[in-house]
Amino acid sequence: MGPRDVLIIAWIRGNARTEDLGSWLGADVLFMPWAWPGLPLPRRLVSWLRSGVATVRAVRRRRRATIVVVEPPVFAPLCGWAARRPGSRLFLDLHSGVLIAPNWAWARPLLGFVARRVDGVIATNRETLQGLDLAGTPSYVLHDPVWARPRSGPGGKGTRTDPYVLFPASDNPDEPLDLVEEVGRRLDGNPLIKVSGQVHRPDSAGVEYVGYLPRTDYEDLLADASVVLSLTEWEATMQRSAYEAIEAAVPVVALDRRVLRETMDGGGAVFASAEPGEVARAIRYALAHRDELARLTARSRERFREGSEVVKQVLLG
């Protein structure tokens, strides 16, 4: 028999990691265009109901398939588990917030129930899974396969005159935006910090909010950046911004969190405590040693790929 068909299901209208997984695995990806973060509770409940119906229909159509369901919310894998056909396999792709963010604490008993009944659990790091009772369910570490993302162009316009620092924000609760603004005040525009993403704040001293950008424009902004900030208040999480920066060979300044250091230490990243002066000093160091750090990103790219082919064969086998 040949490789299995792969279907990835995410109860959101779009997600970069999920898109990369789809490209990497040659999978069909089912997003839910009516679902996005921050919906009022009544609309969120309707969205989950619609997504549940769509999930059951899609899973029931698949025979001898690999179904990968993104969590959160916990109802997504529950629907996949209830609907899967004999001969199909079910894997969970757990995003870090599921086991860290306080707003998902209520769902963790349900998550444990379904995680013990699927064929495998995927996460970006082992520490994220601590405290989740998997019983005998296999777990796999898989970094975002950013190398599989189709490129919309060569990246970078090559027209940069002044260096700038990019902070790609996702509006998640672990992002210390107040810290970013204080660092911007310390740097006083030398260099300027540009914050991308759907963050509704006015520009402040040394910080420019550029908003959500089309993919091509974002790739240009990333490629032309001198440094990318990867900032989180959580210890057991990787950062999408770090994956994208390392793939583009742009040095990273990160807060000194366990998982980030274990993954990128010596690989093009500079680490700092969550103190504005320390982050500002790390940025200045990264600017002064940009070429050397850019070369060292190759080490992190290699680490990101470690074990990925093994996981790929598990999913396709």
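A few notes on this one:
- Unique match (being polar (S, T, N, Q), in contact (Cβ under 8 Å) with a residue 60 or more places away in the chain and surrounded by 22 or more Cβ atoms within 10 Å (Cβ to Cβ)) among Thr216, Thr237: Thr237
- Residues satisfying the stated conditions in the stretch 108-128, i.e. under 28 Å from Pro86 (Cβ atoms) and in contact with a strand residue (DSSP E or B) (Cβ under 9 Å, 6 or more places away or on another chain): Leu111, Val114, Ala115, Arg117, Val118, Asp119, Gly120, Val121, Ile122, Ala123
- Output for the stretch 248-266, where each listed residue is buried (at least 19 other Cβ atoms within 10 Å of the Cβ) and either in a loop (DSSP other than H, G, I, E, B) or among the acidic types (Asp, Glu) (or both): Val250, Pro251, Arg257
- Matching entry among Tyr209, Tyr285 (being within 20 Å of Gly189 (Cβ to Cβ), aromatic (Phe, Trp, Tyr) and part of a helix (DSSP H, G or I)): Tyr285
- Looking only at the stretch 267-289, and only at residues there that are of a type outside the set (A, V, I, L, M) and under 30 Å from Pro150 (Cβ atoms), the one that is surrounded by the fewest Cβ atoms within 10 Å (Cβ to Cβ): Gly267
- So Glu235, is it in a helix (DSSP H, G or I) and farther than 26 Å from Gly189 by Cβ: no
- Residue count, the stretch 39-94 (criterion: assigned to a helix (DSSP H, G or I), in contact with a Gly (Cβ under 6 Å, 6 or more places away or on another chain) and farther than 20 Å from Asn15 by Cβ): 0
- Scanning the stretch 40-69 for residues that are of a type outside the set (Phe, Trp, Tyr) and touching a helix residue (DSSP H, G or I) at 6+ places or on another chain (Cβ under 6 Å) turns up Gly52, Thr55, Val56, Val59, Arg60, Thr66, Ile67, Val69.
- Residue among Val56, Val46, Val29 that alone is of a type in the set (A, V, I, L, M, F, W, C) and either in contact with a Cys (Cβ under 9 Å, 6 or more places away or on another chain) or at pLDDT below 95 (or both): Val56
The values are calculated or read from the model by the stated rules, or taken from the named source; none is laboratory data. Remember, it's a predicted structure, so these values are computed and weren't measured experimentally. Please note: Cβ atoms are built from the backbone with ideal geometry, for glycine as well, and neighbour counts cover all protein chains shown.
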